[in-house]
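The values are calculated or read from the model by the stated rules, or taken from the named source; none is laboratory data. Note that this is a predicted model, so its numbers are computed, not measured. Using ideal geometry, Cβ is built from the backbone for each residue, glycine included, and neighbour counts are taken over all protein chains shown. Ligands, DNA and RNA are stripped out before the accessible areas are found, and what is left, the full protein with its side chains, is counted by its heavy atoms. Shrake-Rupley method; radii C 1.70, N 1.55, O 1.52, S 1.80 Å.
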Amino acid sequence: MDASAQLDKDDRIVGVATVASQTAHTFGISRLPPRPVLLIHGTGDNVLSHACSKRLYDMYGDDLGEKTLKLFDGDDHHLTQNAYEVEHMLFEFVQSVLELE
């Protein structure tokens, strides 16, 4: 079974969060809905363009599930200017998808 087909059947995957995503071999993102996805990227990233996260956002589809794209203006690949906010966003996302209080 290929990884994409396995994703459809895997109930352990309740959501996906990415930081400074790449787009190679990411076609499976279209099989994530209705699971939520959070994509975080800096627009000043000179390792992987923020267009990668934008492309994944678009590949996820419309009206199929919750998707969030947060671009930090001018921030780098490591999101060093916004590290605390990124950590907070990730913790909130995990808390939400795992239904923790």
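With a ≥ b ≥ c the root eigenvalues of the C-alpha gyration tensor of the chain, is it rounded (a/c under 1.5), prolate (a/b larger than b/c) or oblate?
The shape class here is oblate.
Taking amide H positions as placed in the peptide plane 1.01 Å from N, state which residues far from LEU69 in sequence (5 or more) or on other chains have amide H under 5 Å from it.
Those lying under 5 Å, H to H, from LEU69 are LEU39.
Compute, for ARG55, the solvent-accessible surface of its heavy atoms (probe 1.4 Å) with the complete set of protein chains present, and express it in square angstrom to the nearest 10.
Looks like 130 Å² after rounding.
How much net charge surrounds LEU56 when only other residues with a Cβ under 13 Å from its Cβ are counted (Lys, Arg +1; Asp, Glu -1)?
Local net charge: +4.
Could you tell me which residue out of HIS25, LEU71, VAL14 lies farthest along the dipole of the chain toward its positive end? Charges go on the beta carbon: Lys and Arg +1, Asp and Glu -1, centred on the Cα centre.
HIS25
What net charge do the residues around ILE29 carry, taking every other residue with its C-beta under 12 Å from that of ILE29, with Lys and Arg at +1 and Asp and Glu at -1?
+3
Place a +1 charge on the Cβ of each Lys and Arg in the chain and a -1 charge on the Cβ of each Asp and Glu, then give the dipole magnitude about the Cα centre in debye, rounded to the nearest 20.
Dipole magnitude for the chain comes out near 320 debye.
Excluding LEU39 itself, calculate the net charge of residues whose Cβ lies under 9 Å from the Cβ of LEU39, where each Lys or Arg counts +1 and each Asp or Glu counts -1.
Net of charged neighbours comes to +3.
Helix 51-60 sits at what angle to the longest principal axis of the chain, using alpha carbons and giving 0 to 90 degrees rounded to 10?
20 degrees
Quick check on packing: order 58-69, 75-86, 40-51 by the mean number of other C-beta atoms within 10 Å, highest mean leading.
Packing proxy ranking, top to bottom: 40-51, 75-86, 58-69.
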